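Heads up, the thing below is written out as structure tokens.
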Protein chains: 2
Amino acid sequence: MIREILVLGAGKSTAYLLDYLLSKAQEEKLQITIADIKPENIAKEIATHKACTVIGLDIFNEKERQRQIRMANIVVSMLPASLHLLVAKDCLLHGKHLVTASYVSDELMALNDVVKGKKLVFMNEVGLDPGIDHMSAMQIIDGIREKGGKMLLFESFTGGLIAPESDTNLWNYKFTWNPRNVVLAGQGGAAKFIQEGTYKYIPYHKLFRRTEFFNVEGFGRFEGYANRDSLKYREAYGLQDVLTLYRGTMRRVGFSKAWNMFVQLGMTDDGYAIEDSKGMTYRAFTNLFLPYSPTDTVELKLRHYLKIDQDDVMWGKLVELHLFDANKKIRVNQGTPAQILQEVLEQCWTLDTADKDMIVMYHKFGYALHDKKYQIDANMVVIGENQKHTAMAKTVGLPVAMATLLILNNKVTTYGVQIPITKEVYNPILSELKENGIIFKEYDMPYMGYNSELEYS
Amino acid sequence: MIREILVLGAGKSTAYLLDYLLSKAQEEKLQITIADIKPENIAKEIATHKACTVIGLDIFNEKERQRQIRMANIVVSMLPASLHLLVAKDCLLHGKHLVTASYVSDELMALNDVVKGKKLVFMNEVGLDPGIDHMSAMQIIDGIREKGGKMLLFESFTGGLIAPESDTNLWNYKFTWNPRNVVLAGQGGAAKFIQEGTYKYIPYHKLFRRTEFFNVEGFGRFEGYANRDSLKYREAYGLQDVLTLYRGTMRRVGFSKAWNMFVQLGMTDDGYAIEDSKGMTYRAFTNLFLPYSPTDTVELKLRHYLKIDQDDVMWGKLVELHLFDANKKIRVNQGTPAQILQEVLEQCWTLDTADKDMIVMYHKFGYALHDKKYQIDANMVVIGENQKHTAMAKTVGLPVAMATLLILNNKVTTYGVQIPITKEVYNPILSELKENGIIFKEYDMPYMGYNSELEYS
């Protein structure tokens, strides 16, 4: 009997997701319906696949949305996160499983008991981060526990970066995902985590100066800054007693210190609009954040304000972005500083056609066993193939697709609003990811506890 | 015929207000009713005055509140700002004038047409700042305009400080008003102002490093940092075309740079609670904001993090507040960093019985006249008498009291929701304030435009 999978939203993260499902269509007897508001954007080789039906769907069209969900055996929502609840309620109404790559919202979690009662699986956070981070971490943590170990430390960092062969600017960075999220990263409250049993708090304006470093074999050195709430999965992972719990974002070394210049200037502020920003020169934009002077240049004022020495590499990074250019003009009108900065950065940090992206993930696990302390480091690097088949699309799309098939084949027996932290989910997905080149390398390390001065290689 | 004045709320700012009204009681035929939730706190010499009636009133008791307002000829609300609207609506219902020292809220402003229609005066912002700043500035601005001048620059700074004879700590500061407002000062968005025709924006974490300086004859040097919205009264003052518009807060020199240490550490954050803050030592509190180290002291970590040299006076300021003390314990539980910092500061910055406070206000007015440019600086210093008769209570309470009598005597003919920027209000009040020792000194200066490097004496 043919099973129907309804995929809502066919954005840029869905190339691998759809390829995977279509490749399994014959063997698994799948029919895939892709519903998107702009169905004409869907690649011809997908749209013309015989196991595939493409339809135009406005997600706010309740009648049509419900009709499609009713006909499906399982629903995959790749829509913006705010729209999942709408879909989830219909799935509940019609008794369908649901898969998303997004964070579980409080509203979604509130449905948990009803979802369980109907023996449905609403699997979320099954992309990259969140997703592969959960699965790879829990596989190692459960392994440590099974041999009698007690967890002492868990650190986890992920970065969406540019592949070495496409790394052509002074920032060692290009936008491979939503640029707005990059510009606003870290805002909204102090970062909170635990280091060696002590709570630590970092305000936004210090966040990018409190990095730690990582070496990844064959790929060199990276840095990481703290996420807002490292403690989010403490209970879910069973890490209530660990001494160190720290989650963050990875960048190439030097990015964060340079990004901090924007933070210090106030250019990442999204809270107010700049009057008449349209037509303002990049130079005038920069000058908005500097003290008035009747004689000094914007350059000297900025150097002085941020204490940038003559020979500091940071300077070149600003020049590369044309921030002192008196001809380049801002296009957005009444933009917030963050919106304008995003426009400036997009001029320089957009992927070229031939550019490849790169995903890096780094975990550290410290544990005690028979009165001795141990550490395991695990890391994963995935390089994209091209602008469409990116490492980001692969690492987000494949686990979503694999989870969908697992649930459809009744291999997931834990019902309710879920994240992929149980063996029945992470074991088959991680092993299938490995076959697809998404591989974690593990290293036995001496246990050092948390020490940001040391580097692990 | 006896006129009745209803004073709602008799907090610490009302000593001069009540003294003034009672001193005018006989000549002006006034009866003053003071309504407070804790009437027993009102000083005996006031409570027993024959022109005075003291009553207990819960402002949320609608019936009794309305009864009192109905019996009054005019209402003075010294309640917390959030409660004025309640009172204003009753004043409207019963056709009574209203006076407050608080900012005009949008909700209050929405009543403007109805207030006008009933020929009532709702006079607000008639304390110190806002209040005396409006009146003293508008008197000089109107004077400049009357002689044909065109305004080019307006800067205005006010500070609630400690008198020189009571200035006994390294910060040259004690709390003379609401400590919470001091701890949270500058938060909530970037400061915005205009300097020589250019908008300027300062993010919170740079606010206390972008000060300018003032010399006040006989009182030495002060500094000022920008208020959040310097442009607030641009229309009200008729300053749409000025090149420089800058409003701020005054402190003794060195305060802001030292305060910035708290900002940088994240200690002024009011957005999250510290777990188990009760019983935590001051030293452990400080350490929450510093990187983990298995060996280094809190002192060295802080020096390194904030780049404080061995011989920097900033260091002594931290030590004076006992921030490295391993015995002193925090009392507030689950406090935000800002609440805990306030508790720490209150240990050191509370007024002693004999301490006197000091109010300083500094205006600069630049203008063009017959193709030449001029500048007038005006400043005011008021020293308190004692802990009860503070300069703050005097400069807030007296203008409120004077405005009340003016309105009662039908000397204010502009109806509606008002601030004191018309001659009929500011001229009589400023001249009466002068008789009470609240005096502005004016200085003719060479016009310099805005230049934060220069000092005006």
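Observations, loosely collected:
- Long-range amide H partners of B:Leu161 with built H, under 5 Å: B:Met358, B:Ile359, B:Val360
- Cα-based reach from A:Lys24 at 14 Å (exclusive), listing aspartates and glutamates while leaving out same-chain residues under 8 positions away: A:Glu4, A:Glu432
- Mean shadow area of the stretch A:1-116, taken as a quarter of the surface of its Cα convex hull (nm²): 7.2
- Shape index of the stretch B:266-341: Rg/Rh, with Rg the Cα radius of gyration and Rh the Kirkwood radius from the inverse mean 1/r over Cα pairs, equals 0.97.
- 3J(HN,Hα) from dihedral phi, the stretch B:252-260, Karplus parametrisation 6.51/-1.76/1.60, rounded to Hz, x for glycine, proline: 5, 4, x, 4, 5, 4, 6, 4, 4
- Counting only aspartates and glutamates at least 8 places from A:Lys192 when in the same chain, those with an alpha carbon closer than 12 Å to its own are A:Asp229, B:Glu275.
- In the stretch A:227-312, Rg over Rh equals 1.17, where Rg is the alpha-carbon radius of gyration and Rh the Kirkwood radius from pairwise Cα distances.
- Paramagnetic reach from A:Glu217 (point 7 Å along Cα→Cβ, amide N under 14 Å) across the stretch A:404-445: A:439-445
- Degrees separating the helix A:337-349 axis from the principal Cα axis of chain A, which is the longest one: 80
- Orientation-averaged projected area, Cα convex hull of the stretch B:296-395 (nm²): 12.2
- Antiparallel DSSP beta bridges within chain A, as percent of all bridges there, nearest 5: 60
- In the stretch A:91-136, a dipole from Cβ-located charges (positive for Lys and Arg, negative for Asp and Glu) runs towards its positive end, and of A:Gly131, A:Gly95, A:Asn112 it is A:Gly95 whose Cα lies farthest in that direction.
- In this structure the amide hydrogen of A:Gly416, modeled in the peptide plane, comes within under 5 Å of the amide hydrogens of A:Lys116, A:Leu120, A:Val121, A:Phe122, none closer than 5 places in sequence on its chain.
- For the rotational copy relationship between A and B, the axis lies nearest to a chain A beta carbon, identified with its distance in whole angstrom as A:His205, 2.
- Scaled against 2.2 N^0.38 Å for its residue count N, the alpha carbon radius of gyration of the protein assembly as shown is 1.11.
- Treating r as the C-beta distance of B:Glu435 and A:Thr281 and R0 as 45 Å, the FRET efficiency rounds to 0.25.
- Mean residue ellipticity (222 nm) of chain A, computed from DSSP H runs ≥ 4 via -39,500 (n - 2.57), nearest 500: -9500 deg cm²/dmol
- The distance linking the stretch A:309-373 with the stretch A:168-216 is 11 Å (Cα centroid to Cα centroid, whole angstrom).
- Label sites at A:Thr198 and A:Asn427, each approximated as a point 7 angstrom past Cα along Cα to Cβ, lie 4.2 nm apart.
- Annotation for B:Glu27 and B:Glu442: the two label points, set 7 Å from Cα along the Cα-Cβ direction, are 2.6 nm apart.
- With label points defined 7 Å past Cα in the direction of Cβ, position B:Lys116 shows copy-to-copy spacings of 6.2 nm, given to one decimal and shortest first.
- With label points defined 7 Å past Cα in the direction of Cβ, position B:Gly148 shows copy-to-copy spacings of 10.0 nm, given to one decimal and shortest first.
- B:Lys388-A:Glu146 pseudo-label distance in nm [points 7 Å out on the Cα-to-Cβ vector]: 7.8
- With the biggest extent put first, the Cα atoms of the stretch B:13-78 measure 32, 25, 20 Å across the principal axes.
- Among beta bridges from DSSP that stay inside the protein assembly as shown, the antiparallel ones total about 60%.
- Cross-link pairs beyond the 18 Å C-alpha cut-off, checked among B:Lys96/B:Lys411; A:Lys278/A:Lys329; A:Lys232/A:Lys257; A:Lys63/A:Lys119; A:Lys388/A:Lys441; B:Lys364/B:Lys441: A:Lys232/A:Lys257; A:Lys63/A:Lys119; A:Lys388/A:Lys441
- The stretch A:73-138: trypsin sites (Lys or Arg not before Pro) falling in loop per DSSP and having at most 10 other Cβ within 10 Å: none
- Taking the C-alpha atoms of the stretch B:336-457, convex hull volume expressed per residue in Å³: 213
- Grouping the Cα pair distances of chain B into 10 Å bins from zero gives a pair-distance distribution of 4, 19, 27, 25, 17, 6, 1, 0 percent in increasing distance order.
- Gyration tensor verdict on the stretch A:315-355 (Cα atoms; rounded if a/c is under 1.5, prolate if a/b is larger than b/c, oblate otherwise): oblate
- For the stretch A:1-79, applying the loop criterion from DSSP together with a ceiling of 14 other beta carbons within 10 Å to the trypsin sites (Lys or Arg not before Pro) yields A:Lys29, A:Lys50.
- Per residue of A:289-300, other chain Cβ atoms within 10 Å of the residue Cβ number 4 on average.
Readers should treat all values here as calculations from the given coordinates under stated rules, not as data from a laboratory. For clarity, every value in this text was computed on a predicted model and none was experimentally measured. So basically every Cβ, Gly included, is an ideal-geometry build from the backbone, and we count neighbours across all protein chains shown.
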